[in-house]
Amino acid sequence: MTATLINSTQSYEQALHRAAKVNWRVEDIIGEEKRLDFTKRFLPEVLARVNDIQCLNEREKLLLNQIRGNSYLHIFGLVEEFIVPCVINHVKTTGLADITATQALLHFAEEESKHIRLFRRFAEEFKLGFGSRCEGIGPVQDIANAVLQHHPLGVVLIILYIEWMTQYHYLASVRDNYSESLDPQFCSLLRHHWLEEAQHTTLDTLMVEQLVATLDQTEVVAGVADFFKLIEFINGGMMAQVQLDLASLSRATGRQFTDAEKQEIQAVQEKAYRWTFIGSGITHAEFVKTFGQVAPTEQSQLAEVAQAYCH
Ligand SMILES: [Fe+2]
Ligand SMILES: [Fe+2]
């Protein structure tokens with residue numbers, strides 16, 4: 001990892017340069033004439049996976065897709081709530097001696113704060129237009145604090161896979177997706193989030209490298225062990241969200257699902273959540289590469305764990 005560290009100043013400069021070019025405002029993306037279109041699906045099928053559910057008609061599949069869109073806003077708002085304090089903690093270690101790193105990392109934290117506002121703003125629009133109550137896992141602050149109780153290396157590795165995962169969500173499912181007519185506003189949210197996350201992958205990789213450089217082998221092992229614990233913790237949250245989505249769907253459709261119907265929806269949705277929020281990130285080639293540099297001996301464990309989160 002030493003070779004990469006030599007180029008870190010250049011990487012921070014490039015990240016700042018690219019970030020300055022991208023810079024958007026929440027108000028440019030949502031509000032006034034820019035409204036959610038509730039006649040359209042919000043998430044691509046590869047993320048929402050509603051089509052395979054036999055017990056739902058087309059209208060109910062549309063509602064479930066939109067509920068999944070709202071849950072997406074909630075979950076991303078939540079993860080940003082542990083990303084911001086984690087980055088702010090890390091920036092204390094760079095200090096004024098490495099001013100370029102400090103500026104780039106502060107900008108990283110500022111962008112993630114803006115993303116929290118973005119997701120909350122979209123959630124408000126959803127609430128106004130959807131017509132029935134939808135719930136998200138929480139309390140958000142308690143979940144974010146529970147994540148931050150883990151080893152900092154475990155936390156930055158989790159953040160790194162989330163950054164790569166966000167890119168997959170836009171690039172693989174929305175940008176070249178001509179077969180689905182999704183809500184333009186939701187596509188715009190995924191696109192604008194991706195535009196800034198593209199810089200975050202560079203910055204978070206540097207955070208991982210710099211943190212590892214300060215740790216001895218025992219600490220690295222402890223950090224990687226916490227990364228795997230956090231994957232299970234996040235999975236628990238996602239499975240709880242599936243249950244909340246089921247209740248939201250019942251309210252939105254006015255249907256009391258039978259046990260068999262609940263089981264069918266649950267089985268498809270659990271798989272969808274595992275892939276969307278874990279599998280698509282921890283199998284991303286760039287994440288696997290960085291993880292392999294940090295923990296070469298645990299790479300096979302990562303591949304094994306990933307199997308449970310893939311299609
Ligand atoms: Fe973000
Ligand atoms: Fe990010």
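Hey, any hits in segment 285-298 for a residue that's touching a residue at least 12 places away in the same chain (Cβ under 8 Å) and touching a Phe, Trp or Tyr at 6+ places or on another chain (Cβ under 6 Å)?
yes
Does Ile83 fit the bill of being among the β-branched types (Val, Ile, Thr), in contact with a Phe, Trp or Tyr (Cβ under 7 Å, 6 or more places away or on another chain), within 15 Å of ligand 2 (Cβ to nearest atom) and under 17 Å from Met165 (Cβ atoms)?
no
For segment 282-292, enumerate the residues that are assigned to a helix (DSSP H, G or I) and surrounded by 15 or more Cβ atoms within 10 Å (Cβ to Cβ).
Within segment 282-292, Ile282, Phe287, Val288, Thr290, Phe291 meet the criteria.
Using the structure shown, decide if Arg133 is touching a strand residue (DSSP E or B) at 6+ places or on another chain (Cβ under 9 Å), open to solvent by 20 Å² or more (accessible area, probe 1.4 Å) and on the phi < 0 side of the Ramachandran plot.
Here the answer is no, as Arg133 does not meet what is asked.
Here is a list: Arg49, Arg35. Which entry is over 19 Å from Leu195 (Cβ atoms), basic (Lys, Arg) and open to solvent by less than 50 Å² (accessible area, probe 1.4 Å)?
None of the others qualify; the one that does is Arg49.
Provide a single number: the residues in segment 95-126 that are in contact (Cβ under 8 Å) with a residue 40 or more places away in the chain and of a type in the set (Val, Ile, Thr).
Final tally of qualifying residues: 1.
Which condition number in (1) in contact (Cβ under 8 Å) with a residue 40 or more places away in the chain; (2) among the hydrophobic types (A, V, I, L, M, F, W, C); (3) farther than 30 Å from Cys134 by Cβ is the one that Val91 fails?
So Val91 meets the others, but not (1).
Do we find a residue being outside any helix (DSSP H, G or I) and among the acidic types (Asp, Glu) anywhere in segment 105-125?
The answer is no; no qualifying residue exists.
For the condition in contact with a Leu (Cβ under 6 Å, 6 or more places away or on another chain) and surrounded by fewer than 20 Cβ atoms within 10 Å (Cβ to Cβ), what is the one hit in Gln217, Gln243, Gln185?
Gln185
Report those helices (runs of 4 or more DSSP H) wholly inside segment 131-239 carrying at least 2 residues which are within 14 Å of ligand 1 (Cβ to nearest atom), under 30 Å from Ser8 (Cα atoms) and among the hydrophobic types (A, V, I, L, M, F, W, C).
Ranges flagged: 152-170, 184-213.
Scanning segment 175-213 for residues that are in contact with a helix residue (DSSP H, G or I) (Cβ under 9 Å, 6 or more places away or on another chain) and without any contact (Cβ under 8 Å) to a residue 40 or more places away in the chain, which turns out farthest from ligand 2 (Cβ to nearest atom)?
That would be Ser179.
Just the residues that are within 13 Å of Phe82 (Cβ to Cβ) and open to solvent by 30 Å² or more (accessible area, probe 1.4 Å), please, taken from segment 147-174.
Within segment 147-174, Leu148, Gln149, His150, Pro152 meet the criteria.
Out of the residues in segment 164-174 that are at pLDDT 85 or above and not hydroxyl-bearing (Ser, Thr, Tyr), state the one that is farthest from ligand 2 (Cβ to nearest atom).
His169
State all residues of segment 233-278 that are free of Cβ contacts under 8 Å to residues at least 24 places away in the same chain and of a type in the set (Val, Ile, Thr); if no residue qualifies, say none.
Answer for segment 233-278, where residues must be free of Cβ contacts under 8 Å to residues at least 24 places away in the same chain and of a type in the set (Val, Ile, Thr): just Thr258.
Just to be sure before I move on: is Gly69 under 20 Å from Phe277 (Cβ atoms) and either away from ligand 1 (no atom under 12 Å from the Cβ) or β-branched (Val, Ile, Thr) (or both) in the structure I sent?
Here the answer is yes, as Gly69 does meet what is asked.
Which residues, taken from segment 6-32, are in a helix (DSSP H, G or I) and charged (D, E, K, R)?
Glu13, Arg18, Lys21, Glu27, Asp28
The values are calculated or read from the model by the stated rules, or taken from the named source; none is laboratory data. These numbers were taken from a predicted model, which means no experiment stands behind them. Neighbour counts run over all protein chains shown; Cβ positions are idealised from the backbone, glycine included. Note: accessible area is taken over every heavy atom of the protein model, side chains too, but ligands, DNA and RNA are not part of it. Shrake-Rupley method; radii C 1.70, N 1.55, O 1.52, S 1.80 Å.
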